[in-house]
1. Kirkwood Rh over Cα pairs of region 31-133 into Stokes-Einstein at 37 °C, 0.692 mPa s: D in µm²/s?
2. Given q = 0.07, 0.09, 0.10, 0.13 Å⁻¹, what are the Debye log10 I(q)/I(0) values for the chain, with equal point scatterers placed on the Cα positions and solvent ignored?
3. Kirkwood Rh, Cα Rg: Rg to Rh for region 213-296?
4. How far is helix 119-129 tilted off the main Cα axis of the chain, in degrees rounded to 10, range 0 to 90?
5. What residue among Asn161, Val185, Phe137 has its Cα farthest toward the positive end of the dipole of region 111-203, where the charges are +1 on Lys, Arg and -1 on Asp, Glu, each on the Cβ?
6. Angle between the Cα long axis of helix 312-327 and the longest principal axis of the chain, 0 to 90 degrees, nearest 10?
7. Could you work out how far the C-alpha centroid of region 160-223 sits from that of region 247-281, in angstrom?
8. Please report the orientation-averaged projected area of region 255-316, defined via the convex hull of its C-alpha atoms, in nm².
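The values are calculated or read from the model by the stated rules, or taken from the named source; none is laboratory data. The model shown is predicted, which means the values in this text are computed figures rather than measured ones. Using ideal geometry, Cβ is built from the backbone for each residue, glycine included, and neighbour counts are taken over all protein chains shown. We work out accessible area using only protein heavy atoms, side chains counted, and drop any ligands, DNA or RNA first. Shrake-Rupley method; radii C 1.70, N 1.55, O 1.52, S 1.80 Å.
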Amino acid sequence: MLIALAAMLVTLAVSLGWRSAWAPATGALVGLAIALAGGVATRLDIEHALADLWRPMISIVGIMATTACAAELGIFTRLAAWIEPRTRGPVKHAFRLVFALAALTAAILSNDAAILLLTPVVIELLRTVYPRRNPKFLLPFAFAAFVAAGVAPLPTGNPMNLVVASRAGIDVNTYAIHMIPVALVGWLVAYAMLAWCYRGVLDDEAPALGAAPPKRPLSGQAKLVLIATGGSIASYPVLAALGYPIWPVALPAALVCVGAALHGRVVPRRIAAGISWELLPFLFGVLVLATALARAGVTDGLRELYARTPYPLATVGGVAAVGSALIDNHPMALLHSLALAGAPSKLVFAALVGGDLGPRLLRSGRSRALLWTHQLRLSGVAVPLGTFVRVGALSRCHRWPHR
């Protein structure tokens, strides 16, 4: 038990303490080396992890490649151009549209696309159209993009949810039926709380006076990326109904998008840079470490807790949220995927909801939150820890699913 815990703690210390995109992967591999050297992880664990992960990994890389192509071909910049007319009226209109676009981006592409790609585009737009007043708008709009990427209504919206759902045997349709209502409620409550939190700023009725950013029409390659992305997403429910995985469609769709981007003279390394390659070894290493912790008795303790509680849904969701906030949502989700093996699917969904909402409480709960904060700092926008905790706590105040 001590060796397994030490390996996981080293993983988290490196992942959260080192400000680098590759920190989570490095931490996971160092922790895996400690677990292997200490005998708490075995070669068989590695083989099982590879067998479990290769299918969702293909889907994850395909979705990230599609998102990278969309960014390089100017689709996110075009989204900003759609926002600009709303800035000519009360600022709350633009705020509402940014939140809606971030939620839609997170649902269709991924949470990372909304958090890491849409945020800088919106920040630049605000500085252009509000040349004098933009400092007071930057933080509320940045939080709009971050908070809107909450509960993933589709498993493809969150790589970890895709892995956990795949391991639990939950197909896309079953996932969507349970999680879309939760996501909708989450968006409505999160928007209301965020708008209330920044009501003083958003009550500004003066229109934007800055110059409008140039509106460039989408190229044929960008339109092809939109068609390929839309077609692949539309096929997921059909594949699930027929009992097929999504990776055989996600991979060809990504190849079409990459081909379109290359034809549009996008440099290959720009596409490769848009893929979070570091996520792959991180997920692999953490899954092996979660298996080692399960063997050491951690998951048995969770199972016993959930078997004794009179409120299993709330308990699972609460443990998932608090655990994700404290030790990162990835290891917590994988521990739950082992602890809830064979459990009713509603408990798995409660764990997924908690894992999606918990990282809003502390920046340490999601590596992407740390990168988001770092990205904003480079743009001259400070996010105090107290503000992050306060906004995150307000934006996650909605009920757990009852089904």
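1. Numbers: Rh = 16.5 Å.
After rounding, the answer is 199 µm²/s.
2. -0.32, -0.53, -0.65, -1.12
3. Details: Rg = 17.8 Å, Rh = 15.7 Å.
Dividing the radius of gyration by the Kirkwood radius yields 1.13.
4. 20 degrees
5. Checking the options against the dipole of region 111-203, the answer is Phe137.
6. Taking Cα atoms only, the helix is inclined about 70 degrees.
7. 23 Å
8. Orientation-averaged projected area of the Cα hull: 7.0 nm².
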